[in-house]
Structure formats: C-alpha cells, structure tokens
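The values are calculated or read from the model by the stated rules, or taken from the named source; none is laboratory data. As the structure is a computational prediction, the values presented were derived from the model and not from experiment. Backbone-built Cβ (ideal geometry, glycine too); neighbour counts: all protein chains shown.
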Protein chains: 2
Amino acid sequence: MKKLVGAAILGQSGGPTSVINASAAGVFLEALKQECITHVYGAKHGIKGILNEEFYDISKEDLKELELLKTTPSSMIGSVRYKLKDLAKDPSDYEKLLEVFKKYNIRYFFYNGGNDSMDTANKISKFFQDHDYECRVVGVPKTIDNDLYATDHCPGFGSAAKYVATTLMELYHDATVYDTKMCTIVEVMGRNAGWLTAAAQLAIEKGQGPDLMYLPEKVFDYDEFFEDIEKIINKKGKAIVVISEGVKDAEGKYIPEHFGNLFTDSFGHAQLGGAAEILAREVEKRFDIKVRGIEFSLMQRCAQHLASKVDVTEAYQAGVEAVKAAVNGATDVMIGFERVSNKPYKINYIHVPLHKVANTEKKVPLEWIKPHGKGMTQEYVEYVLPLIQGDCKAPLEDGLPRFAKLKKVLVKK
Amino acid sequence: MKKLVGAAILGQSGGPTSVINASAAGVFLEALKQECITHVYGAKHGIKGILNEEFYDISKEDLKELELLKTTPSSMIGSVRYKLKDLAKDPSDYEKLLEVFKKYNIRYFFYNGGNDSMDTANKISKFFQDHDYECRVVGVPKTIDNDLYATDHCPGFGSAAKYVATTLMELYHDATVYDTKMCTIVEVMGRNAGWLTAAAQLAIEKGQGPDLMYLPEKVFDYDEFFEDIEKIINKKGKAIVVISEGVKDAEGKYIPEHFGNLFTDSFGHAQLGGAAEILAREVEKRFDIKVRGIEFSLMQRCAQHLASKVDVTEAYQAGVEAVKAAVNGATDVMIGFERVSNKPYKINYIHVPLHKVANTEKKVPLEWIKPHGKGMTQEYVEYVLPLIQGDCKAPLEDGLPRFAKLKKVLVKK
C-alpha cells in the first residue's frame, strides 16, 4: 500500500478528563515519528480551530513538555462544544473544512472526544469522501461518563472512578465523625449513564462507602428514597447517599426540575443548581437533621493527582494506536478497547466504525444494579477494579504538580 | 520530680483534618511506651465520651493499625462539638468529669482540637486544680483554618493548603478549556481567617491560579468585585475567583447572610458555606455568561491522599511531644510550633499556655494581602511553601487507600 503523505491534525473536544492530554501525547509523539506525516498540528479549540485556521505547530514544542502532557489534566490545546451546521441546510462549515484541509494538505485527522465528537468526525469524513479528498479520520475515545458504544471502557473513566471511590472513602471518615444525626448527599457526573456513580461501590466494598446510591438507569422514586433515609438515620444516625446528576423520576424529570419552584421559594432568588444540594434541603426539611450536599463538580474530571496508571497508559496508547492505524490505511474508525482477561487484566486495541459510536449511549446493564439504591453487583466490581489500578501523577515541583507548558506557536495562515 | 502515675486519655474535638489521626498515633504510641502511664484510652467523641464514660482501650489495638492512623483522615475515635455547661450556672459537667477522672485514675488528659477545644481543656484543668485533683492537661493543636494563637502554624493546615493549591491548578486547566466566556468561583473554608484561601497564591505563582481572591481579613466590596469581574472577562474571557467562606461586607454580613438564613452551631459560630454558589448566580445574572460555583466542601479537610509529608510528620510529633511534656510535668499548655528557619525549614516544638490559645483567632497579617483581590505577597508564599512539601498518602490496596481499622474495645464501666 502506498503511504498517504501529508500533515496530521489533532482536535480535542467535549468536557475535559484527567487523561485527554495523555492521548494527545500519544498522537503527537507517534505522529512526529512517522515519515509520511509532514507536519503535526494541534487544533486550537477542536473543530473551531480548524474552521478558523488556528492551529499550533507541534514540532516547535520541546519533547520533554510533550511527555509531560501525559500527566497534565484537561485539554491543553483547548476544547470545544461546537455542532457543525446541518449539511443539508448549510454546507458552509463542511466546505470551509475541506478548503483548510486542502490548503495545508492535511491527510490525517484525529479527533479526541465522546459520541458527539465521533459523530462530527464521521460526518466530516463522509463529506471529504464525497468530494474525493483522501483523508484518514480516526477517533480517540474520551469521556469520564464511560458511555461510548462498542468499547469496553473509555479513557478518562478509570481516573474519575478512582477519584470517586477514594474521595468517598475519605468523606466516609469525615461524615461519620460526630455522634449527631447527619446525612451527606454527594452528586456525581455522568449524564444519562451511571458508570461513574457506580464506582461508589468500590468504597462500599471497603466498608467505607455510601448507604444508598442512585444511577440514572433506574427510575428515582422519591417516596422510597425518603423512607430509606429515615430507616438508615433511625438505625445508624448517619446516612451517606451518592446520586448521579442524571437520575430522573417516573415522569422523566431530573431532580432540579422536579424541585425547581420549591427550591427557589425557600432560598429567595438564590437559584442553587445541583441535585445533591436540592435533595439535601428536602431531607433537612423533612427530618430536621443536619444535611450536607456535596458536588464533586469539576474536580472529578480534572484531579490528575489521583489519575489511574492503567487509564493514563491506555489513553496514551490509544493516541499512538490511532496514528499507527491511520498511517496503515484505517479510516472512519475509533480506537476502542476489547477486554481479553481480567486476571491478569489485558486489553486489545480495536477499530470501531465511527458511525457505530456516533450519538449512541452505552448504559450500565440493569442486572448489575441492585434494587432500592443498594449498590452494584460483583460483575460491576470486577469490571471497574482493573481500571483504577496504579498511580500516575505529575512530577512535583515545590510540592505542586509540574504540568506541561506548551509554546503554542500558531501556524501562519 | 516524682512521676505522676495513672491513665492517659485522648479526645479529638472539632472539625476533622487529614492529620488529626496522625496526632492520635503520636499520643497513643508514645503513651503506650511510658511506664508511668498505666492505661491508654481514647475518648469516644471527645469530651462527651468522657462524660458518658465511653472510651476505647488503646492497648487492645494492633500496633500496625495505630501506625496506619498516621495516614487515615478525620477523627478515628469520633469528634464532638460540645460546649461544657457554664461552670458558674451549672457545675454538673465539671463534677461529672472529675468523678470519671478519679474513677479511672486518669492523670493525663490530651485534647486535640482548635481554640474552642483549648478553652474547654483549660477550664477543665482549672476546675481539677481547684478541687486538688492532679492531672496534666496538654493540648495538641489542630485546624485547617490555621487560626490558633501563639503557634507558627497548625497541624492540618499544610495538607489542606496543598489540596487548595493543587486542586486550583487542576481547575485552572479545566476552567479555561473553552473559548467561550466563563467565570468560576471557588469557595474555601477557614471561618474568619483567610490562611487557607490564601494558599491559592501558590497556584498563582505557577501561572495556574485564580484572577481574584478574597480573604475575610478585608472587607468585601460587591461593587469593586463586579467591576473587576467585568474587566477580567472583557480582557481574557475567563475569570477564576477564590473566596473564603468567611468574607463579610462593610456591614459585617457574610455573603449567605445577605441572601438568606445563616445558621449557627452549638458554639454560636456561623455555619458557613454557599457563598460561591450565591455569588455565581449573581455574576451570571449581571453578565449573562456561564458561571460555575464550586465548594471544596469536606474534601479540602479530608483529602488524605494529598496530605503534606511535613504536615503529617509534625502532627504526629506534636502528639509525641504532648505526652513527653506531660510526663515531664507540663500542664495547661498546648504544643506549638516555632519556626527557626525557612531554608532549610526547621521548627521547634514549644509549650504555649492554654489560656493564650483559648478563644482567640490569629488572622492573616493585613500587610500580606494585596489590595483589590490581587493575591498575597511573597511573605505569605515563604510562610506557606515549606508546609506543603512532600507526599504522605495511605498505602494502596486494590488501588484504594488502606486506612486504619481499629477494634474500638470499650472500657467496662
């Protein structure tokens, strides 16, 4: 096969994780090695950077700093949440992209993101093919939500799961310290999938976890919830609850939606956001006990200091594999993980068609979720445990992380 | 000097820190070695446990588990926020304490806590002296707020400061990832002292910190705040703000007080929290941009996985020094730290009279705080930097922390 010669570009897209830059390191370092890749670019803010012809010349960066990307959280070259204009109605975005790709002879397009991003990459590839522009388009998965189809798991999830389990174990010690009645409600990200919330089970396995946990895969029943809280408080004096931001009641309403007005009334014009805080105020009102609502907020997705070594390694390797695959002729695929064995833990890197990943969501199997908020089955524990193993934090400088510093030299238009 | 022979008891009091158990390890392990100490007890929930004659027999614990206390967050034997009844009005609490101490021949009383706890210990000691009961009372400092008088700093503060600086650096990467306008407001604990909020300066020094920070030591000016936010958003598109839970406006009102009810705890202290979220909603309303309010909540005080080695070492040693001091005749003192030098960092363990610590608050020197929320001077950086050095996290088991497990054998009444 004749090698395709041209430039390569990477875009980072969607919400950050602790390891999205590890994938960037994999793409950049591997692409710099490949002879058929003439230039290595990093798009400033994903697809927007390509539309605006704003991209960084990665060959100008120090290799040491590119190595440090492996342990630098978030998206170093900038992320984006931009939906391309509908091709049927307005092809201008697609035409502009093709113009830019042609101008810089970009023949390798790597897009690191979740299902929306894979959809974007897929559409762009189809458009290029329809216009006879040869370009290899390979996706690199990324999401703490772990909801991508056709891959065993997603880079970013393992580190976030390690954060959730570790922090819940620490909170357990804090939240049970007094002999007064107390309820702690913790909110975890994950949109409509409960994979990350379910990591609370790891803390439960250690006897230092929540009493109740709620995933979006099951309908949230308020009556059952309040009854269970009452029982636990009466029995133990303390209740710890973990709730996914995405849980909904039988009417399909998210918690903040359900309590919207009530909450506004009791707090004047202070419209506080999260599900945990809203539930906390409800429990407080009903049982007259101290209740604390806690959101893991952005910390759960950027706490690089708690990154899992397995996650960082796989995220990096997914980037490397993406470049190798593209150079060897693959296109319209995302690098996925196929689990070969659990003991010892082993995966294969596989190619998943982009259209299979685009706009689908992989939920937690219902049979892995115990009834009445009582946690997860052993299947889930065996699934998640290998993914949180090992530490891989940034080197320390003055007791603080030394993250990568890029020069970010923009390519001249 | 004739050695005082009898039992020793430790109580843990007030809000948890990552290293309060390290001090417990110091007290327990040193007390178990001392010949004149006949029994070593741990009070269940501090002073309440003594009033209720509920204490654990520490000699029944495995030494390995007591060692693991060094890296176990929060208060393992239970904490308390209990204010003794006013002696002049109702001496029953004091009389009961004396009765219990006599019954178990407790001659050494170690109390680990903040200024309220030192006040409690001081009052008890005076009462015992007035009733000719010889008992050595030694305090061990503890507070993430770092607001104790007459000690250079407090155990718990260094680890919390490391959490604040590290997490802000990580959040910086997350909060600046999109090219859309965005404001992030982070709330840090510390009651009426800004020591912990000020640790944000360490992130600023690395170029990865907030744009604005507000300590309770300076009056919070809403107009100036909104003007500064507007300027920064117009200039950079992003603003990151760190605010202490304890900031007050010119009228002396906390931010939550301005918008709703302010609750008080059993000591009459305001229950703070929610300032960031409330400010976030205000900024959102005024500037119509995305704003996220983040509370570091309990994580900042129990994130043992980010504990500073200096802090853990000093907390442990403070416990050891307390026992040694008491055995050698000291009473009515708290173990304090005196800084000898910064390079190399060196401290002496000193004895501070309890009455000097009781109910006083040490604030951040005003001359260390730059005007207009612009951060801290170099003096603060030199002060705090040695305290966050080194890592000292719990050993891992299955990728998760292995915290101490105590048998908690209650002494028979």
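General observations
- Screening B:Phe55 on (1) within 18 Å of B:Arg81 (Cβ to Cβ); (2) in contact (Cβ under 8 Å) with a residue 60 or more places away in the chain; (3) not charged (D, E, K, R) shows it passes everything except condition (1).
- Checklist (1) touching an Asp or Glu at 6+ places or on another chain (Cβ under 7 Å); (2) farther than 30 Å from A:Leu306 by Cα applied to A:Ser74, failing item: (2)
- Within the range A:370-401, being more than 7 Å from every other protein chain (Cβ to nearest Cβ), outside any helix (DSSP H, G or I) and either surrounded by 21 or more Cβ atoms within 10 Å (Cβ to Cβ) or of a type in the set (Lys, Arg) (or both) holds for A:Lys370, A:Gly373, A:Lys374, A:Gly375, A:Met376, A:Cys392, A:Lys393, A:Ala394.
- Checked across the range B:149-158, the condition of being assigned to a helix (DSSP H, G or I) and closer than 23 Å to B:Val312 by Cβ holds for at least one residue.
- The residue that is farthest from the chain's Cα centre (by Cα), among those in the range A:178-194 that are part of a loop (DSSP other than H, G, I, E, B) and not polar (S, T, N, Q), is A:Asp179.
- Condition met for B:Phe109 (crowded, with 21+ Cβ neighbours inside 10 Å and over 18 Å from B:Tyr349 (Cβ atoms)): yes
- Any hit, the range B:332-350, residues being free of Cβ contacts under 8 Å to residues at least 24 places away in the same chain and of a type in the set (A, V, I, L, M, F, W, C): yes
- Pairs linking a residue in the range A:306-326 that is within 14 Å of chain B (Cβ to nearest Cβ) to a residue that is part of a helix (DSSP H, G or I) and among the charged types (D, E, K, R), with Cβ atoms under 8 Å and 6 or more positions apart or on different chains, are A:Leu306/A:Lys162; A:Ala307/A:Lys162; A:Ser308/A:Lys162; A:Asp311/A:Lys162; A:Val312/A:Lys70.
- When the criteria are applied in full, A:Leu66 fails the requirement of being buried (at least 24 other Cβ atoms within 10 Å of the Cβ), in contact with a helix residue (DSSP H, G or I) (Cβ under 6 Å, 6 or more places away or on another chain) and away from chain B (no Cβ under 14 Å).
- Checking each residue in the range A:129-162 for being more than 14 Å from chain B (Cβ to nearest Cβ), under 30 Å from A:Lys102 (Cβ atoms) and touching a residue at least 24 places away in the same chain (Cβ under 8 Å) picks out A:His131, A:Tyr133, A:Glu134, A:Cys135, A:Arg136, A:Val137, A:Val138, A:Gly139, A:Val140, A:Pro141.
- Candidates A:Val40, A:Val80, A:Val27, A:Val19: the one that is modelled with pLDDT under 95, crowded, with 23+ Cβ neighbours inside 10 Å and not small (Gly, Ala, Ser) is A:Val80.
- When residues in the range A:307-363 are screened for being polar (S, T, N, Q) and farther than 30 Å from B:Leu306 by Cα, 6 of them pass.
- Residues satisfying the stated conditions in the range A:402-413, i.e. part of a loop (DSSP other than H, G, I, E, B) and either more than 9 Å from chain B (Cβ to nearest Cβ) or free of Cβ contacts under 8 Å to residues at least 12 places away in the same chain (or both): A:Ala404, A:Leu406, A:Lys407, A:Lys408, A:Val409, A:Val411, A:Lys412, A:Lys413
- Whichever residue in the range A:51-63 is buried (at least 24 other Cβ atoms within 10 Å of the Cβ) and not hydroxyl-bearing (Ser, Thr, Tyr) and, among such residues, is nearest to A:Glu314 (Cα to Cα): A:Ile58
- Scanning the range A:246-257 for residues that are out of contact with any Pro (no Cβ under 8 Å at 6 or more places or on another chain) and assigned to a loop (DSSP other than H, G, I, E, B) gives A:Asp249, A:Ala250, A:Glu251, A:Gly252, A:Lys253.
- Checking each residue in the range B:194-208 for being farther than 15 Å from A:Leu298 by Cβ, surrounded by fewer than 24 Cβ atoms within 10 Å (Cβ to Cβ) and in contact (Cβ under 8 Å) with a residue 24 or more places away in the chain picks out B:Ile204, B:Glu205, B:Lys206.
- Of all residues making up the range A:22-44, the number that are within 14 Å of chain B (Cβ to nearest Cβ) and touching a strand residue (DSSP E or B) at 6+ places or on another chain (Cβ under 8 Å): 4
- If you go through the range B:166-183 and pick out every residue that is touching a Gly at 6+ places or on another chain (Cβ under 8 Å) and either more than 8 Å from every other protein chain (Cβ to nearest Cβ) or touching a residue at least 60 places away in the same chain (Cβ under 8 Å) (or both), you end up with 5.
- Boolean, A:Lys126 is modelled with pLDDT under 95 and either in a helix (DSSP H, G or I) or within 14 Å of chain B (Cβ to nearest Cβ) (or both): no
- A:Asn146 being surrounded by fewer than 24 Cβ atoms within 10 Å (Cβ to Cβ) and either polar (S, T, N, Q) or within 14 Å of the chain's Cα centre (by Cα) (or both): no
- Subset of the range A:75-100 (residues that are touching a residue at least 40 places away in the same chain (Cβ under 8 Å) and away from chain B (no Cβ under 14 Å)): A:Leu84, A:Leu87, A:Asp93, A:Lys96, A:Leu97, A:Val100
- Looking across the range B:390-413, the residues that are under 25 Å from B:Thr313 (Cα atoms) and in contact with a Leu (Cβ under 9 Å, 6 or more places away or on another chain) come down to B:Gly390, B:Asp391, B:Lys393, B:Ala394, B:Pro395, B:Gly399, B:Leu400, B:Arg402, B:Phe403, B:Ala404, B:Lys405, B:Leu406.
- Subset of the range B:195-211 that is part of a loop (DSSP other than H, G, I, E, B) and within 8 Å of another protein chain (Cβ to nearest Cβ) - its residue that is farthest from B:Pro256 (Cα to Cα): B:Lys206
- Verdict on B:Ala150 being among the hydrophobic types (A, V, I, L, M, F, W, C) and within 21 Å of B:Ala200 (Cα to Cα): no
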